[in-house]
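So the structure is just underneath, and the comments pick up after that.
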Amino acid sequence: AFLNTFSRSTRVFPVAGPVEFVAELYRRWTELHPTPVETTPAVSPAKPQNGRNPFVFVSYASEDRAAAFKINEALSNAGVDTFFDKDGLEAGDNWETKLREKIRGCSLFLAVISHNVLTSEPRFFRSEWRLALQIFEQSPAYYSPRDVFLLPVAIDATATDSDRIPPDFNRVQWIRLPDGYPTSEFIDRIKQL
């Protein structure tokens, strides 16, 4: 009813679901803009460091999986090698051991922060954080204004000084990506790192 009375030019598009709606939007967009949209070329793989290819470890609370997935997918599409547990774990893997191994081997630890991490319940992401902080404290990034290992990414308005956020997370500048929607600036920064 709102759409029928909102504007004289408003038309209701009756479809079976969101997939058909998006397909119709795409059809209309390509009709109006026949030139293909330019995409950012994939970056060439970074040179191995210490015999390993650099990659980003994406850590998140399970409630934030959808937002973390958006971030991970955008990074992967930009040519950044990532470790995302849902893609990196296979049947039969000792998941805890593999996650610890990946954290020790990553070049950048990206911690997805939201109100979901403020819980008082024991959660595995805290073990990931603890290990990442141990590595951070031993790395040049802990003392350097240039080197980066730890990158907190807030997907909501969670305060940086919240009681359940490790104090060392405040040694570095946070990035805010509301609902996990990555910006081109964010992607460029990660590629730079």
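The values are calculated or read from the model by the stated rules, or taken from the named source; none is laboratory data. As the structure is a computational prediction, the values presented were derived from the model and not from experiment. All Cβ positions, even for glycine, are placed from backbone atoms using ideal geometry, and neighbour counts span all protein chains on display. Protein only, heavy atoms only, side chains kept; ligands, DNA and RNA dropped before computing areas. Shrake-Rupley method; radii C 1.70, N 1.55, O 1.52, S 1.80 Å.
Given (1) open to solvent by 50 Å² or more (accessible area, probe 1.4 Å); (2) modelled with pLDDT under 90, where does residue 141 come up short, assuming only one miss?
The one condition residue 141 does not meet is (1).
Give 156, 179, 168 a once-over and let me know the one that is at pLDDT 90 or above and surrounded by 14 or more Cβ atoms within 10 Å (Cβ to Cβ).
156
Residues to consider are 184, 120; find the one that is under 14 Å from residue 71 (Cα atoms), open to solvent by 70 Å² or more (accessible area, probe 1.4 Å) and polar (S, T, N, Q).
Result of the check over 184, 120: 184.
Take segment 127-136 and flag every residue that is open to solvent by 10 Å² or more (accessible area, probe 1.4 Å), free of Cβ contacts under 8 Å to residues at least 60 places away in the same chain and under 16 Å from residue 165 (Cα atoms).
Of everything in segment 127-136, those that are open to solvent by 10 Å² or more (accessible area, probe 1.4 Å), free of Cβ contacts under 8 Å to residues at least 60 places away in the same chain and under 16 Å from residue 165 (Cα atoms) turn out to be 127, 130, 131, 133, 134.
Within segment 96-148, track down each residue that is aromatic (Phe, Trp, Tyr) and assigned to a helix (DSSP H, G or I).
Answer for segment 96-148, where residues must be aromatic (Phe, Trp, Tyr) and assigned to a helix (DSSP H, G or I): 124, 125, 129, 136, 142.
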